[in-house]
Structure formats: C-alpha cells, structure tokens
Amino acid sequence: MDATKATGVFHPYWPRDLLIPTYVANDRSMSEILVFLFSVSGVFLLVTWIITGQKGATGRLSTPRRLAVCWFAVCGFIHGVIEGWFSLYYSAIPGDQSFLSQLWKEYSKGDSRYVIADNFTVCMETVTAWLWGPFSFWAVFAFLNNKPYRFVLQLIISLGQLYGAVLYFFTEHRDGYAHSELGHPIYFWFYFVFMNVLWIFIPFVLIVDAWRQLSAAQTHTDITKSQSKRN
C-alpha cells in the first residue's frame, strides 16, 4: 500500500516515512513506460545492427563486434536522453508529468534515491549523461569508420560505466537497501538489480576485450620497432 505522510501526500516509495511533498502520481501505466523504454532501445539496436552489417572499406564487422557497437548505441540513448533528463530536471521530477519524468518516478519504485534527488545519484547520473552518453555515440562512429582510437574509447567508457555501477550498488548496500522493497520481483530484482547489473557484466567483458586488442597492438608496435633497430 502507498504510504501516507504527515503532509497528507501518498507515494509508493521506500522507506515508507520518506517525505516527498511535491509528489504527483503517474497517470501512465508501468506497461506504457516499459514498452517505450524497450521499444526505443530496440530501434537503436536494430538500426545499428543493420548498419554494422554493411561491408565497409575493411570488410564486415564480426558478430561480437557488431553486438558491442549495438551496445554503445543503446548506451548513447539511455545515458544521453534518459539519464540526461534526470541530470537536468531531477528537482522537478516528483511533481512533473512529462513522460521521462514519469519514467523516473516509475523506476524510483526500485530505488527512491532518484525521486528525492539523492546527492550521489545526481552526481553519478550527471557524469554518466554528459560524458558516457556522447562518448558512446562517438564509439559507434569510431567502430563504423575503423578509427585507430576505437578501443581506447571502448576502454574509457566501459571503465566509467563499471565504476559507476559498482558505486551505485555499494552505496545502496551500505544504506541497507533502504530505498526499495527488498526482494520485490519487479521493483527490486528487475528494476534495481537486473537493469543495473548489465552495466557491470557487459562493461567488464568489453574492458577485457579492449585490454587484449590494445595489448596486441602494442606488441605489434614493439616488434616493428625492434626489427627497425636491427635493420
């Protein structure tokens, strides 16, 4: 049940004694919001998959590489648009009925730090939106055009995402998971855990991949320099 506050305001967030005096309940359903999120993400993924399947000057990208580029395209949308909205309008979100504000109010059922503009989430999401958002689109461009710095971008973005996700979980762990209904199948396990653990698992894989690619390039450079000196 929604909590009733001393101010007479009802809200669905945890902890139950949280004061959100400007809160206005969403007039859009969970299904509308999730369909929008996954549909737009799916469009970015599909369009990028089609583009990466075209044969370029250096041939076609491998399937794992195409998937990585699709990941960066989706990240660009989520970081730049959705998290960018939060970074700009976090103070107004509880009472705002714009679609993206309603999206954040829905997500906040799994982590109420967003609806109260917690200092950590504001700082973390602002960095994510204005750095990793543009950098993700830059990475898409770099891989499509075979730029020599593409794996450097992959490493930087993935390290930033991994670091942010670890802090995100660790800070809430230290708070005793007080900002969600612990164990709830949708709000805790799907919103809070699943939708964020992706930014630990996938960036870790991409960090290892970038490490290998950059190490191989450096090895080749070292061998070439050694052979040049001998000649």
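The values are calculated or read from the model by the stated rules, or taken from the named source; none is laboratory data. As the structure is a computational prediction, the values presented were derived from the model and not from experiment. Methodologically, a virtual Cβ is constructed for each residue, glycine included, from the backbone with ideal geometry; neighbour enumeration extends over all protein chains shown. All accessible areas refer to the heavy atoms of the entire protein, side chains included, with ligands and DNA or RNA removed. Shrake-Rupley method; radii C 1.70, N 1.55, O 1.52, S 1.80 Å.
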(request) Rank by packing, highest mean first: peptides 152-164, 204-216, with packing defined as the count of other Cβ atoms within 10 Å averaged across residues. (result) 152-164, 204-216
(request) Scan the chain and note any complete DSSP helix (H) whose C-alpha atoms cover at least 20 Å along its axis and whose Kyte-Doolittle average is -0.5 or more. (result) 30-52, 63-77, 150-174, 195-230
(request) Estimate the FRET efficiency between D27 and V152 by the formula 1/(1 + (r/R0)^6), using the beta-carbon distance for r and 35 Å for R0, to the nearest 0.05. (result) 0.20
(message) If you roll a 1.4 angstrom probe over the protein chains with everything in place, what fraction of the accessible area of the chain belongs to carbon and sulfur, to the nearest %?
(response) 66
(request) Take every Cα pair under 8 Å in the chain that's 6+ residues apart, average their separations, divide by the length, and report that relative contact order as a whole percent. (result) 20
(message) As I understand it, the dipole of the chain uses +1 on the Cβ of Lys and Arg and -1 on the Cβ of Asp and Glu, about the Cα centre. Which of N145, L88, F170 lies farthest toward its positive end?
(response) N145
(message) Is there a quick way to get the dipole size of the stretch 30-223? I mean about its Cα centre, with the Cβ of Lys and Arg at +1 and of Asp and Glu at -1; what is the value in debye to the nearest 20?
(response) 840
(request) Give the Cα extents of the chain along the principal axes, in whole Å, largest first. (result) 83, 36, 30
(request) Order the peptides 15-23, 101-109 from the highest to the lowest mean number of other Cβ atoms within 10 Å of their residues. (result) 101-109, 15-23
(request) Over the chain, give the accessible area per residue in Å² for a 1.4 Å probe, as an integer. (result) 54
(message) Just to confirm a number: summing +1 for Lys and Arg and -1 for Asp and Glu over residues other than L100 whose beta-carbon lies under 13 angstrom from that of L100, what do you get?
(response) -3
(request) Given the options A217, A142, A129, state which has the largest fluctuation in a GNM of the chain using a 10 Å cut-off (strictly under) for Cα springs. (result) A217
